[in-house]
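Asks: Quick one: this structure, given as structure tokens, is what I'll be asking you about.
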Amino acid sequence: MGPLSAASMENGGYSHILRNELGDTADKSVCSGSITAVSVPYVDYGPSSLRYQEPLLNLYRVLLTIAKNNIPEQTKKIDYEIVTCWLQSAKLARKSGHQQRAYSCLLEASVLNIPETFVEKSKWHWNKNEQEQAINILQKGIQEHFPDVSQFKNNPSQKQKEAAACAKATLMLAKYSEELAVLESNALILMYRDVVAIQPELEEGHFHLAKYYDRVMTTLEKSEKKRCVCLGCFFHKIFYC
């Protein structure tokens with residue numbers, strides 16, 4: 001804590017943490033020679049900015065590439081880690097407003113056709129106000145990667161990782177469709193219920209299903225009140241006018 005406190009007084013503590021993380025990562029990777037030592041981390045102690053996190057992600061990509069050359073039997077796993085790292089960079093750039101950088105990272109991540117790539121690509125289009133294209137990408141991606149969604153429903157032992165990816169993609173499609181009002185209420189309810197059936201432990205799925213139920217009930221109540229008022233006016237005109 002001593003060096004960190006001193007660094008925070010001079011020019012911010014995040015830079016000091018980042019330097020330590022970069023050094024520790026390189027040392028561990030060189031000493032261990034293990035693929036697990038260079039797995040992509042989730043950086044949650046610093047600000048979500050390119051300045052602090054992108055250098056760390058760049059280092060991990062370099063180390064993963066070195067590991068790929070030295071451990072050929074782990075090529076498939078390392079390729080997945082590299083793509084995951086590119087997707088983190090794409091997400092970071094998108095949230096920071098660097099859309100061209102995000103697109104370049106998405107191109108790098110497209111080397112492997114994994115579900116996380118089309119989900120991030122859809123978010124990128126949505127941020128650019130290309131909502132219809134974002135929805136189309138989600139629809140095509142779900143059809144391609146999860147052609148039989150029923151296999152995940154109410155079956156927690158069936159490919160949990162794939163089920164989680166399917167649930168998140170379906171939830172995003174439902175949210176985007178609701179915001180653009182491109183589906184009828186019954187279709188949206190079924191989509192939200194699919195999310196809950198695919199991954200019951202996903203709290204966000206339950207929340208959005210309940211939220212949409214509340215929205216539908218509120219709309220019905222307003223319509224019923226309006227209809228009652230109109231009928232009251234109609235009978236008033238008949239009997240008193």
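Asks: Which net charge results when you count Lys and Arg as +1 and Asp and Glu as -1 among the other residues whose beta-carbon is under 14 Å from that of T75?
Replies: 0
Asks: Further, regarding this structure: How many angstrom separate the Cα center of region 164-187 from the Cα center of region 56-90?
Replies: Cα centroid of region 164-187 versus Cα centroid of region 56-90: 32 Å apart.
Asks: Describe numerically, in nm with one decimal, the distance between label points set 7 Å from Cα along Cα→Cβ at A164 and at R193.
Replies: 2.7 nm
Asks: Roughly how many percent of the accessible protein surface of region 47-100 is carbon and sulfur, given a 1.4 Å probe and a whole-percent answer?
Replies: Values: 1530 of 2790 Å².
Carbon with sulfur: 55 percent of the solvent-accessible area.
Asks: Now, a different point. For D148 and L183 in the same chain, what is the full-extension length gain: residue separation times 0.36 nm, less their Cα-Cα distance, in nm?
Replies: 10.5 nm
Asks: Distance check, please: which entries in K77/K161; K121/K168; K175/K211; K95/K123 exceed 19 angstrom between their Cα atoms?
Replies: Flagged as over cut-off: nothing, all pairs pass.
Asks: Return the carbon/sulfur percentage of the accessible area of region 138-177, one whole number, probe 1.4 Å, all protein chains in place.
Replies: Heavy-atom surface of region 138-177 belonging to carbon and sulfur, 1.4 Å probe: 46 percent.
Asks: Also, I was wondering about something else. Using the Karplus curve 6.51 cos²θ - 1.76 cosθ + 1.60 with θ = phi - 60°, work out ³J(HN,Hα) for each residue of region 114-131 in order, rounded to whole Hz, and write x for Gly and Pro.
Replies: Couplings: 10, x, 4, 5, 5, 5, 5, 5, 5, 4, 5, 5, 5, 5, 8, 6, 9, 5 Hz.
The values are calculated or read from the model by the stated rules, or taken from the named source; none is laboratory data. It should be emphasised that the depicted structure is a prediction, and the values quoted were computed from it without experimental measurement. Note that we place each Cβ from the backbone using ideal geometry, even for glycine, and neighbour counts take in every protein chain shown. Only protein heavy atoms, including side chains, enter the accessible area calculation; ligands, DNA and RNA are left aside. Shrake-Rupley method; radii C 1.70, N 1.55, O 1.52, S 1.80 Å.
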